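As structure tokens, the structure follows; a few thoughts come after it.
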Amino acid sequence: MNISDQDRISALTSLYTTERADLSNIANQSLAIVGLALTYIIAVFIGLPRVASTKKTSLLWFASPIPVLVFLAFYTLWVSLAIARTKSCKELEKKIASEVGVNVSAMGVTVSDKIMDIEAARPVYRLIILTAYAPIIVAGISLIVYVLFEAIHHHANVWIVIVSIVLYVVLLAPSTIVWFKQFHL
């Protein structure tokens, strides 16, 4: 089957448009997840001390970090998916640029990567990227530390604290591994 140059360019452009739309949707979903997680963390810091008994530590204290760890797992998935979609867009951009005869380094995802990709960005943008990613991780860890501190302060049973720590580690480990692999930390 012989495909004309115009049909090949049209097909590549359609594929590229779909990939970019998916990438935009992923970015919106990631922002929503971060917003939900940070709102939840703030609500826990404000509301949990009022709900939980001060005389006896409630299991509510120990369950409170679990949604944050789930948010972090979803956020990690979305960031990983965005990275994969970005690579796909780059490949399509290269192919379209070579077919049409334009400079790929001055358009599309390549230009975005100079700001958004931690490996390709200038140092000032790397700092901004870390500033964007770090709060959700720091806030989640802060919540866990806060919960454990409150549990010890209220003399929680040791076995509940140990089970909680194990559960937190199990839920946090996959996201941590992906972040280290993804960003070569």
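Pairs only if they're at least six apart or on different chains, beta carbon under 9 angstrom, first in the stretch 80-98 and within 14 Å of Ala11 (Cα to Cα) and acidic (Asp, Glu), second outside any helix (DSSP H, G or I) and modelled with pLDDT under 85; list them, first residue then second.
Partner pairs satisfying both residue conditions: Glu93/Met107.
Considering the stretch 113-141 alone, what residues qualify as being without any contact (Cβ under 8 Å) to a residue 24 or more places away in the chain and small (Gly, Ala, Ser)?
Matches in the stretch 113-141: Ala120, Ala121, Ala132, Ala134.
Among the residues of the stretch 100-128, which ones are touching an Asp or Glu at 6+ places or on another chain (Cβ under 8 Å) and closer than 25 Å to Gly35 by Cβ?
Val109, Ala121
Within the stretch 134-145, can one find any residue that is outside any loop (DSSP other than H, G, I, E, B), within 23 Å of Ala27 (Cβ to Cβ) and among the hydroxyl-bearing types (Ser, Thr, Tyr)?
No; the residues of the stretch 134-145 include none that is outside any loop (DSSP other than H, G, I, E, B), within 23 Å of Ala27 (Cβ to Cβ) and among the hydroxyl-bearing types (Ser, Thr, Tyr).
Name the single residue that is surrounded by the most Cβ atoms within 10 Å (Cβ to Cβ) among those in the stretch 116-130 being among the β-branched types (Val, Ile, Thr), under 21 Å from Thr86 (Cα atoms) and modelled with pLDDT of 80 or more.
First, the residues of the stretch 116-130 that are among the β-branched types (Val, Ile, Thr): 118, 124, 128-129.
Then drop every residue that is not under 21 Å from Thr86 (Cα atoms), which leaves 118, 128-129.
Keeping just the survivors that are modelled with pLDDT of 80 or more gives 128-129.
On the way: Ile128: 14, Ile129: 16.
Per the criteria, the residue is Ile129.
The values are calculated or read from the model by the stated rules, or taken from the named source; none is laboratory data. Predicted model only: the values in this text are computed from it and were never measured. Backbone-built Cβ (ideal geometry, glycine too); neighbour counts: all protein chains shown.
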